[in-house]
């Protein structure tokens, strides 16, 4: 069982979209994939066609001292399953967050209680920036994917992200490494190209060899509550995600860091 | 115990078969044991064995045999050769050469000693002409074997890591009358070569002194160089520029040869390693079909005429330090070039002559057989013929003014390599002799080979079969069997005169600029250029008809001779038919050639949707794209096209200009200069652009080659009949027009005759047209249409 945490330094970079689509692409390549939404926006389920009226999720399960497995849904796509965050009140959220603060192993224990699929992948979506959610996700992750946009704002946050990774991951023996994915890349913008080459220079191998192009199909897919792969199978964004999935497979296959 | 047991299995991997240094199998081990025998170390043993073997060889060549014995011997030798060719390896190529030379020499020896018929003057004259042609063919065969037995296959030498050690370079792009459209991509690609920018200077050497070129050069920041005369054409142009520039090396590109970005890094390494290296040549690669390839529809499937030279002969020359300079896609060391007096101006093939001068002074030349530039092939057969006439004339000139047999400073093998290159161009007369020889019997009953047809078969068949077998093994990847016959038959008539003239007076030479990049609006038959083939074909047809009469009535007492000559005539007709297919110019409507180009591409529509697709082909104005599904885009959709080079992505604006199913044609919008440079970089100047060129090619087998030629020959005859009919109709239409015109001005009588109905009218027209056709065949001047640059 490999756990991948998907994090981002700031909001709106398309982290949830990358998590879901990457999960679908990996599932189609034969992995059994479970997506866990640790983001209070609770948006992950919508990408996978969940009923918006459905309110259950991991927060309710935790607060009611019940197993997370009863909140796991099988999506209609590629055999991917997911655990939504759940529709929660402000009180519930604050309580959950304080529990997370008090119990640093909460996520770890709950994930361990789930059915373990051999060679399976768990992908955890997190809210942007540092938070209790991100802290817990980082402490359990074998691999971290940092989703960035090729703009100056994202680039400026690089040092703080590196700090987080250093603190929560670097010393663990079961941590493979962290990689950066550029999302919403547009080569016709000079700034995009420049940021990409600067990041290539700074990160070297840790920048994923494929970036995800800016593609309106990716956001349209959410409106239709489908993974992009189903909604727009020929789009460049989906093609990029395919490449990333192949790359990630190879990365995991060889056991992570060189 | 890996054994490559058939030529086919070895040849599927052309490189292995061709590279041929991989040796497997029992026989190869045996050969190795023999080679490693310690006796070779002793001089006495070695000499003794060599003498004994030489005597045996001589004996096997000269031993007279009766028909039965000769047939048995030939069958035996041929069987052994067929068995041996199953093995790969240079060792077995050498053995096959030894066998082939043995049979060919035996044949020729027999011809000289037993079959010369000097009884009557007619038999004697024709017989001597034929045997001299055969002697020439034998000599060129031998030289060819020696020249290509061991291609060097030189690898690029890596450059030092420290770029401060890289030398300063000048790029020369000579041009005379070519349009800017042709020259622009070359200049842009030259500017973008991977080399320190402060050490790279690009010069357009404009002998046309055009303002348009000057403005272009200024806008992109390269130097526009002119001189105040046009003496010595391209050679003079380069020499004039040499005086005004100072880079340590000079790279020369014809104005339509677009260099790949890696060109300099691939080539310069050897100069740094070998201080005596004066010139390094790379292949001339053509991205558009030459007239043979276009008119026969064999583009990229059958090796073209030039591939034997660039794929094999130059690599063979390289082993003997005898690589020729070919005028373009080459790097020269300025100091050595200046020492030989710049580019040679005495002959019209200034390039080969320059290399010869370097060799005479003991300098080296080198060849790297990796296409690192590509250009346009000649556009029509007449232009192609014009270019080859220049080469033939130039080589004959060098043969006269700087004969490689006599020139000082060359070693033996260099002499052989140069001689073969020059003698090769004298094939005009011998080729025509072979095409017409059987007619001397069929027309005049001349017995030019005085022996029975069976004896001829017993001696000639093993000679021809083994020569074909061996050549197919050595050259198959670069020239399919029997194609040399077609290439030579097409040019024979045209090069025989210039070579003869140049032999007599080398000063009578003109430099033809080869026209490239034009249009052929509709399919037509080039009656003018094909006259020699048509005449030779007509003679052969007549010979065939007479032969049939001889077969059944006149010469029934020597049926074998009649049949032999008839078969020979039919073979000649096959070759001539194929030359006629070449002369049928097929349509070429696009100005910009499409180049197959398989790369990922992103199409981004104005609405923000983008699609991952693959390109199918590229041309200067646009891109062919294969969409993953139909109807993803619509006609006239504006979009951004992303092409990738390594990690980098380049975006070009364009619109959908064409759609059929999921094939989409995209036309680029007006590109700015940076975008034009990027586009050339992403497409034609890619380092790997031409590496997989011959990937989908069928493997040569001698009989398959014959079948190919036969197929093209049939289509040649079909075309000929069609165009003869169309010619008749076309002329009739003209007659009627003329008649109508005369009618309108009042001369009614003529009109009536052309309106004659029924058989009389048809007969009338047909006779008139036959006369016109005959006149067009016999009376028109036969000079090919080429652009002449006189000075």
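Answer yes if at least one residue in the stretch B:596-605 is more than 26 Å from the chain's Cα centre (by Cα) and away from chain A (no Cβ under 14 Å), and no otherwise.
yes
Based on what the data block shows, is residue B:622 touching a residue at least 24 places away in the same chain (Cβ under 8 Å) and under 24 Å from the mean Cα position of the chain (by Cα)?
On the way: touching a residue at least 24 places away in the same chain (Cβ under 8 Å): yes; under 24 Å from the mean Cα position of the chain (by Cα): no.
In short, no.
Under 6 Å between Cβ atoms, at least 6 apart or on separate chains: pull out the pairs that start in the stretch B:223-237 with a residue that is surrounded by fewer than 20 Cβ atoms within 10 Å (Cβ to Cβ) and end on any residue that is at pLDDT below 90.
B:230/B:791
If I go through the stretch B:175-186 residue by residue, how many of them are closer than 18 Å to residue B:327 by Cβ and outside any loop (DSSP other than H, G, I, E, B)?
Adding up the residues that qualify gives 4.
Sort out which residues of the stretch B:271-304 are in a helix (DSSP H, G or I) and under 13 Å from the mean Cα position of the chain (by Cα), and write them in order of number.
B:291, B:292, B:293
So for the stretch A:233-243 (the condition being outside any strand (DSSP E or B) and more than 11 Å from every other protein chain (Cβ to nearest Cβ)), does at least one residue qualify?
Within the stretch A:233-243, not a single residue is outside any strand (DSSP E or B) and more than 11 Å from every other protein chain (Cβ to nearest Cβ).
From (1) more than 14 Å from chain A (Cβ to nearest Cβ); (2) at pLDDT below 90; (3) surrounded by fewer than 19 Cβ atoms within 10 Å (Cβ to Cβ), pick out the condition that doesn't hold for residue B:681.
Checking residue B:681 against (1) more than 14 Å from chain A (Cβ to nearest Cβ); (2) at pLDDT below 90; (3) surrounded by fewer than 19 Cβ atoms within 10 Å (Cβ to Cβ), the one that fails is (3).
Given the condition within 14 Å of chain A (Cβ to nearest Cβ) and touching a helix residue (DSSP H, G or I) at 6+ places or on another chain (Cβ under 6 Å), answer yes or no: does some residue in the stretch B:661-677 qualify?
Checked the stretch B:661-677: no residue is within 14 Å of chain A (Cβ to nearest Cβ) and touching a helix residue (DSSP H, G or I) at 6+ places or on another chain (Cβ under 6 Å).
Would you check if residue B:14 is at pLDDT 50 or above and surrounded by 14 or more Cβ atoms within 10 Å (Cβ to Cβ)?
Taking the combined requirement at face value, the residue does not satisfy it.
Hey, among B:629, B:657, B:612, which residue is under 21 Å from residue B:596 (Cα atoms), part of a strand (DSSP E or B) and within 9 Å of chain A (Cβ to nearest Cβ)?
Residue meeting the stated conditions: B:612.
Those residues that are part of a helix (DSSP H, G or I) and within 11 Å of chain B (Cβ to nearest Cβ), I need them from the stretch A:202-230; list them, please. Break it down stepwise before answering.
At the first step, the residues of the stretch A:202-230 found to be part of a helix (DSSP H, G or I) are A:202-206, A:216-223, A:228-230.
A:216, A:217, A:218, A:219, A:220, listed by residue number.
Can you confirm whether residue B:251 is assigned to a helix (DSSP H, G or I) and either in contact (Cβ under 8 Å) with a residue 12 or more places away in the chain or over 24 Å from residue B:671 (Cα atoms) (or both)?
No, not satisfied.
Quick one: residue B:652 ticks every box in (1) more than 11 Å from chain A (Cβ to nearest Cβ); (2) at pLDDT 90 or above bar one, so which box is it?
Here residue B:652 clears every test but (1).
Among the residues of the stretch B:632-649, count how many are surrounded by fewer than 18 Cβ atoms within 10 Å (Cβ to Cβ), within 13 Å of chain A (Cβ to nearest Cβ) and either on the phi > 0 side of the Ramachandran plot or part of a loop (DSSP other than H, G, I, E, B) (or both).
Going through the stretch B:632-649 one residue at a time, the tally reaches 2.
Of everything in the stretch A:186-201 that's outside any helix (DSSP H, G or I) and at the interface with chain B (Cβ under 8 Å from one of its Cβ atoms), which residue is surrounded by the fewest Cβ atoms within 10 Å (Cβ to Cβ)? I'd like the intermediate steps shown before the answer.
Initial filter on the stretch A:186-201 (outside any helix (DSSP H, G or I)): A:186-189.
Right, trim to at the interface with chain B (Cβ under 8 Å from one of its Cβ atoms) and you get A:187-188.
Details: A:187: 22, A:188: 15.
Ranking the qualifying residues of the stretch A:186-201, first place goes to A:188.
Can you pull out the residues in the stretch A:162-185 that are in a helix (DSSP H, G or I) and in contact with a strand residue (DSSP E or B) (Cβ under 6 Å, 6 or more places away or on another chain)?
A:165
Within the stretch A:147-181, how many residues turn out to be under 17 Å from residue A:208 (Cβ atoms) and touching a helix residue (DSSP H, G or I) at 6+ places or on another chain (Cβ under 6 Å)?
Here the count works out to 7.
For the stretch A:15-24, check the following and say yes or no: at least one residue is closer than 23 Å to residue A:130 by Cα, assigned to a loop (DSSP other than H, G, I, E, B), in contact (Cβ under 8 Å) with a residue 24 or more places away in the chain and in contact with a helix residue (DSSP H, G or I) (Cβ under 8 Å, 6 or more places away or on another chain).
There is no residue in the stretch A:15-24 that is closer than 23 Å to residue A:130 by Cα, assigned to a loop (DSSP other than H, G, I, E, B), in contact (Cβ under 8 Å) with a residue 24 or more places away in the chain and in contact with a helix residue (DSSP H, G or I) (Cβ under 8 Å, 6 or more places away or on another chain).
The values are calculated or read from the model by the stated rules, or taken from the named source; none is laboratory data. On a predicted model such as this, the values are computed, not experimentally measured, just so you know. We place every Cβ from the backbone using ideal geometry, glycine too, and count neighbours over all the protein chains shown.
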